[in-house]
Every structure is written in structure tokens, then in C-alpha cells.
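Remarks on the structure that follows.
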Amino acid sequence: LTTILDEGQQIKNPDSKAAKSARALVAQNRLVLTGTPIENRLLDVWSLMGFAMPGILGDRKYFRDNFDKRKDGSHSQTRLTARLRPFLLRRTKGEVALDLPPKVEEDVFSEMEDVQARLYRAELERIQKVLLGIENDESLRKNSFVILQGLMRLRQICCHPALIDAKHRHEESAKLNALFYLLDQLHEEGHKVLVFSQFVSMLDIIREELDDRERPYSYLTGQTKNRHEVISDFQESKEAKVFLLSLKAGGSGLNLTSASYVILYDPWWNPAVENQAIDRCHRIGQESKVNAYRLLMRDSVEEKIRILQQQKSAMMTSVLGEEGFTRNLEMDDLKFLFGAGHIEPALAEVK
């Protein structure tokens, strides 16, 4: 008897009902398939192996004590890689889909003005005051929620001021303007476009703007009940439609090869998750070159997150893929993220 799990990231949380049910299945042979074995934290892979090879990584405490230590990260990763190597088969898309058309990614920058810029500066100054009172790792841990909450608010302001306060709904958003500059061009050329955001409230703002312009679109979030109908309608439509998708709901398990343009409205911590989103259309069946645009605010935490992703790529690409980005943030990184002023070129160099 053999049990095979596809989209294995669905059991990445070992405490979820899905993970517990998977581990309870009786089988002589077990196989789990996934494109993102480490999506948020290293514990993800422990949960997957808890199904595929029960006991190979010990219990949760053993795993944390022996493989998930930050202070000796490289040694922990080496031990974990050695433990897992006999049981893993990795295949990149380039190895299994040799006839795929090329994929081009581009960062598109905007600059905040007026209300958006003032809100951003005010929030940034608030977080900087919190950082001034942090002197050691213990203090950092105690204030981690406040810092991450502030970081989230800064990212929301970059998207649209209304995401932190609905009264700003009709204020200007430089990024929203940049989005529709792209969408207008692509609509005139007759292209279908996927637009991803992690914020459903942002998708709703974009949807309202599309309604005002009488543009055809599809819409998919975690609350969508008729997923299959929505996806089929977009795939089969001959119109130059926009497909609005929440990153979590549309980041995996979808085949949207009728589109060849992807716009990531807001950057996600983990580059692997962004790649999963882009790969909704860059997959077997795609015949056109795929163009992916990442919308970023100049001189903001978004631009700095991109720089840190590049600097930390060697560290994040550990055992199977990119470790959760926020988990790897240290005090120097936070000072960089929340530092005032322009980003100096030297900071963008990969150390």
C-alpha cells in the first residue's frame, strides 16, 4: 500500500488537522510532493518528513535543539542536509520542462508623494523610536511584535494609504497609479494579466478601479466558493482580462497559462512564494514569453527588503529552499530597514 501526497505544503503546520490526519494514514510506502517544502519556517520540513519518514528528524524538541539553531546556523544546516539527503529527490523546473519559454522579471519603482509620503514618514519615525530603546537580543524578542506590526503598516502604506485607514480611500497611491499605467498598456495590446497581492483589501481597491473603467476581470481569494468556475472562465475567455488573486489563494495549484504577464503588487518575504505565484502561468502549456513585474516603492522598506533578500540569499537557501525571511532578521537588518534617508549603493552590494 502506497500513499502519495501532492501539494505537500498543505501539511506544513504539524498541529493542523490535515497534518495530523496525514500522519495517521497507514501505508508501507509514503511519498510527498511539493514545490515549496520550506514556506515560512524550518519546522515546515519537519512536518513534511513527519509524514514521509516518521522519526527521521526526531520529535519537535530534538529537531529544534539539533537542526534549528540560529547561532550555529551553517552547522545546523549541514547536519540537516546530511540527514535528509538520502530521502530527497529534487528537480528544478528547468530539468523537467526543457521546452518552456523564457521568463523575464523586472522591478518597477514608484515614489510616494503627499498624504502617502506623510503617513509613511510618521509611521517610520514611530518605529525608529521603538528601536532606540532596544539594546540586546532579549529586548528585541520582547518588542518583536511591535516591530513586525510596524513593518506591516509601512508595507500597507506603500500599497495604498487606505489599507491602514479607510478614510484615505480617495487619496493618491503612487503604486496604484503605476499598476494602472501597466494595465492600460497591456489592455490595449490585448494581453491577459495576473495581479497578485497578499492584501485582500488592496485587491478590492483595484477591483473598484477596474469597475470604474469598465474593464473585465476575475477575482480569487480564500473566500471564493466557485474557484473552478472562476479559473475556467478566465482561462477560456478571449478578452484581455485581469485576474486579481490573493497570494495565498492563488500561489499554488493553479494553471493559468492563458496569461503571460504577472504583476506582484506587493513583495512577499519569501522569494519562493513569489516564484510560485509567477509559475501559475510559467508552466507546461505556456507558449509565450512570461513577463513578471514587481511593484516597489523607492526609498522604502519594500526596496530594502529586496536588497536584504539578495544579501541573505545564501543563508536563506539552506536545506531545501528559502527560509522564512523574517526569521533571519537581526538587529543590524532592522536598523537598515527602518533607517531614515536614501538607500546608499554600498548597502545594495551582496556581502
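Just a few scattered comments:
- Counted charge near LEU295, where neighbours are those whose Cβ lies closer than 13 Å (Asp, Glu -1; Lys, Arg +1): -3
- Distance in nm between pseudo-label sites at ASP299 and ASP233 (7 Å out along the Cβ direction from Cα): 4.3
- Maximal additional length on extending the MET331-ASN226 stretch stands at 33.3 nm, based on 0.36 nm per residue less the C-alpha distance.
- HN-Hα J in Hz across region 28-38 - Karplus 6.51, -1.76, 1.60, θ = phi - 60°, x for Gly and Pro: 6, 10, 10, 9, 10, 10, 7, x, 9, x, 10
- Distance violations [Cα-Cα > 25 Å] among LYS103/LYS175; LYS12/LYS335; LYS17/LYS248; LYS103/LYS241: LYS12/LYS335
- Gyration tensor (alpha-carbon) shape descriptor, region 71-214, a/c threshold 1.5: oblate
- With both labels modelled 7 Å from their Cα along Cα-to-Cβ, the GLU209 to VAL115 distance reads 1.5 nm.
- 15 Å reach of a label modelled at LYS167, 7 Å along Cα-to-Cβ, counting backbone N of region 146-161: 161
- Within straight-line reach of LYS192, meaning a Cα separation under 13 Å, sit the following aspartates and glutamates at least 8 residues removed in sequence or on another chain: ASP184, ASP233, GLU236, GLU239.
- On full extension, the segment bounded by VAL130 and ASP15 gains 38.1 nm, given 0.36 nm per residue less the C-alpha separation.
- ARG90-ARG141 pseudo-label distance in nm [points 7 Å out on the Cα-to-Cβ vector]: 3.0
Each reported figure results from applying straightforward, stated rules to the coordinates on display, with no laboratory input. Note that this is a predicted model, so its numbers are computed, not measured. Virtual Cβ from ideal backbone geometry, glycine too; neighbours counted across all protein chains shown.
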